[in-house]
2 protein chains.
Amino acid sequence: MKILVTGSTGFIGEGVVSELLKEGHEVIATSRNEHTASFHDWFSSVHYKPYTIGSKDISDLYAYFEKPQAVIHCAWDNLHDYRGLHHVEENLMNHYFFLKSIIESGVENVTVLGTCFEYGMKEGCLSETMNVTPSNPYGIGKNTLRVFLEMLQSVHDFSLKWIRLFYNYGKSNNSNSLFAQLDRAIAQHDSVFNMSDGNQLRDYLLFDELVKKIAAISVQDRISGIINCCSGKPVRVIELVEEYIRIKNSPIQLNRGYYNYSPMEPVHFWGDNTKLNTI
Amino acid sequence: MKILVTGSTGFIGEGVVSELLKEGHEVIATSRNEHTASFHDWFSSVHYKPYTIGSKDISDLYAYFEKPQAVIHCAWDNLHDYRGLHHVEENLMNHYFFLKSIIESGVENVTVLGTCFEYGMKEGCLSETMNVTPSNPYGIGKNTLRVFLEMLQSVHDFSLKWIRLFYNYGKSNNSNSLFAQLDRAIAQHDSVFNMSDGNQLRDYLLFDELVKKIAAISVQDRISGIINCCSGKPVRVIELVEEYIRIKNSPIQLNRGYYNYSPMEPVHFWGDNTKLNTI
């Protein structure tokens, strides 16, 4: 299948591109900066087309992106700051009009990355049929984009697969996520790693498994709508951290209780992955 | 109190302006077109300031609108078409940035007109604490504006009174609402009035009572958040129509069952007005 992947140089996007190539798909990759993209392993294996979402310099995006059969929309700006108003004030409409333009020109298979932050401060097992009350601008921006795309389905015929991501581990990156920080601490041979008490329950997928699932969701047509992309199993954060340190064979010591829990996240929550498992 | 009223030449707005003047408030009235505004009875009694929401030609709106203590935001475009995408594609962000600018400059008392369409296709008694699932672009646009303004409350200190309007009668207008059509039919001495079977349950307020309530909500500071502005009493549409014809002393005959129920509205719904009644 010929698949357009946006945000192809982002943390999730680059993994999705690699996975699709591995599965033999034809990939059109896009991102803002071609120079940055050129350093990625996949660069010579895709059709790369630079594009800044929100710019209006290309009228026929469908032709520009070589008439893809499907899109996996991984792009989203400023993910380092969940509380910034740009998520609703800029990203939302930029991404809405971008996807609308792609859809209007005829792409009928649309997969977009959402987030478990759309659920808001809800504890326990979160299922796709729940009412959501996102409480930070990132969650509000993503959830509103979903509502707008569902609204578009009343005037355009397309399949929308809205993937709610939970947590993942197993891929290094320079974010401030727990495992990214732990990776850096291990790499730097820090003796101590400061963390919360680690008793939160969370839902983690291995990164490689996560991108496999995103690819699988995109290419199938049995299920659509909101799809939790998660393990379905609550894991105590401390257990995952200890296992990770064991695998990495690191002598690092944990300083538990150094940080409080984030006020932006429920303490115990995980996803219901019944729907995902039907694929 | 010095109160800015937007949409002052609109159906609700002009009634709100008149009511505020009657109560002795100082009114700054705004709308797009000063010429249109000049035909209104209230024109010589207010400070009128023309403004097109969405334009960016005035940087200090607070000063331009003479530093009001409160705003009642009645403006909203294209109310004749609930299904038009402009509600989310244009109105939403135009109105958000307009209100944000007013709020940032220091107005702490903000009242905005919402709609019962925010609830979506829900039957029965609708209360402010319910989860909402608006199903047309008008309801989605308004509800999203509310969510965005609530989000702004985490960075700016202001009181938000979000008024959900239900139905009203008793004021002529040229819209396609049931009572506007009935008014025209009576005025034209039509012999027959085509309508649905009229068995829907709805929540109607007399127009004069409605604008009194909007004014009362704006000037008080006991309650805020979402406020249903309604009678709290379900009324069978046919009963209200028959009563209205009796009051108008019209010989017009009703052709019931000519129209089907609107697929965009639940058949039976009314508002819980417990909160409103605490004022």
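The values are calculated or read from the model by the stated rules, or taken from the named source; none is laboratory data. As the structure is a computational prediction, the values presented were derived from the model and not from experiment. Cβ sites come from the backbone with ideal geometry, for glycine too, and all protein chains shown count toward neighbours. The accessibility values were calculated without ligands, DNA or RNA, using every heavy atom of the protein model including side chains. Shrake-Rupley method; radii C 1.70, N 1.55, O 1.52, S 1.80 Å.
So that you can scan it fast, the table gives a plain yes or no per residue for (1) assigned to a loop (DSSP other than H, G, I, E, B); (2) under 23 Å from B:Gln220 (Cβ atoms):
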| position | (1), (2) |
| --- | --- |
| B:Leu4 | no, yes |
| B:Ser8 | yes, yes |
| B:Gly13 | no, yes |
| B:Leu20 | no, yes |
| B:Ile28 | no, yes |
| B:Ser31 | yes, no |
| B:Thr36 | no, no |
| B:Phe39 | yes, no |
| B:Trp42 | no, yes |
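Within this structure, B:Asp221 passes the test of being touching a residue at least 60 places away in the same chain (Cβ under 8 Å), in the same structural domain as B:Asn94 (by TED's automatic domain parsing) and either in contact with a strand residue (DSSP E or B) (Cβ under 7 Å, 6 or more places away or on another chain) or closer than 22 Å to B:Trp270 by Cα (or both). Of all residues in the stretch B:189-239, those being within 23 Å of B:Val147 (Cα to Cα) and β-branched (Val, Ile, Thr) number 6. Of the set (1) outside any helix (DSSP H, G or I); (2) of a type in the set (Val, Ile, Thr); (3) over 20 Å from B:Asn143 (Cα atoms), all apply to A:Thr129 but (3). Would you mention how many residues in the stretch A:124-147 are under 21 Å from B:Met130 (Cα atoms) and either of a type in the set (Val, Ile, Thr) or within 8 Å of another protein chain (Cβ to nearest Cβ) (or both)? Summing the residues that are under 21 Å from B:Met130 (Cα atoms) and either of a type in the set (Val, Ile, Thr) or within 8 Å of another protein chain (Cβ to nearest Cβ) (or both) in the stretch A:124-147 gives 7. Here A:Thr115, A:Thr129 are screened, and the one residue that is touching a strand residue (DSSP E or B) at 6+ places or on another chain (Cβ under 6 Å) and within 30 Å of A:Val267 (Cα to Cα) is A:Thr115.
Here B:Tyr62 clears all of (1) in a helix (DSSP H, G or I); (2) within 27 Å of B:Asn176 (Cβ to Cβ); (3) away from chain A (no Cβ under 14 Å); (4) not aliphatic (A, V, I, L, M) except the condition numbered (2).
Here B:Asp208, B:Asp183, B:Asp197 are screened, and the one residue that is open to solvent by 50 Å² or more (accessible area, probe 1.4 Å) and part of a helix (DSSP H, G or I) is B:Asp208. Answer with yes or no whether B:Ile252 is β-branched (Val, Ile, Thr) and touching a Phe, Trp or Tyr at 6+ places or on another chain (Cβ under 6 Å). In short, yes. Return a yes/no flag: does the stretch B:166-180 have any residue that is within 20 Å of B:His95 (Cα to Cα) and modelled with pLDDT of 95 or more. The answer is no; no qualifying residue exists.
The residues in the stretch A:148-180 that are surrounded by fewer than 18 Cβ atoms within 10 Å (Cβ to Cβ) and of a type in the set (A, V, I, L, M, F, W, C) can be counted, and the count is 2. Does A:Val107 qualify as being assigned to a strand (DSSP E or B) and either assigned by TED's automatic domain parsing to the domain that holds A:Thr9 or in contact with a Phe, Trp or Tyr (Cβ under 6 Å, 6 or more places away or on another chain) (or both)? So A:Val107 does not fit the description; no. Residues in the stretch B:81-123 that are under 20 Å from B:Phe158 (Cβ atoms), within 10 Å of chain A (Cβ to nearest Cβ) and open to solvent by 10 Å² or more (accessible area, probe 1.4 Å): how many? Going through the stretch B:81-123 one residue at a time, the tally reaches 3. Could you please let me know if A:Tyr51 is assigned to a helix (DSSP H, G or I), open to solvent by 20 Å² or more (accessible area, probe 1.4 Å) and away from every other protein chain (no Cβ under 14 Å)? In short, no.
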